[in-house]
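The values are calculated or read from the model by the stated rules, or taken from the named source; none is laboratory data. All values reported here derive from a predicted model rather than from experimental measurement. Positions of Cβ are backbone-derived with ideal geometry, glycine not excepted, and every protein chain shown enters the neighbour counts.
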Amino acid sequence: MPRYFFHMAQIGRQLSDEKGRETSSLSAAHEHALHMIHKTMSYLVAEETDGWMVNIANASGRVELTVLFPKRCVGYRNPAELKRSLGPTSAP
């Protein structure tokens, strides 16, 4: 399983993830980042997270995906619930 690192960042600063986490895929890493964002936002007001993001990097340090914090986080309890609220996605 690939190991991804979840660096929380804002312009000019970064909180680096030194341990990382093994996930089954980049999609699973994305879901983990959504969970991190949700958990972080439950402790902070939306204004404190403006401009923040989670950079998901592979083991060689290359950022493969960036997940932005929303302006406000209302009405969902976990990443799966957020995904359901977005509705089905169409595959090409």
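Details
- Of the criteria (1) among the small types (Gly, Ala, Ser); (2) modelled with pLDDT under 95; (3) in a loop (DSSP other than H, G, I, E, B), which one Ala80 fails: (3)
- In the stretch 18-60, residue farthest from Lys71 (Cα to Cα) [restricted to those that are in a loop (DSSP other than H, G, I, E, B), out of contact with any Lys or Arg (no Cβ under 6 Å at 6 or more places or on another chain) and in contact (Cβ under 8 Å) with a residue 40 or more places away in the chain]: Asn58
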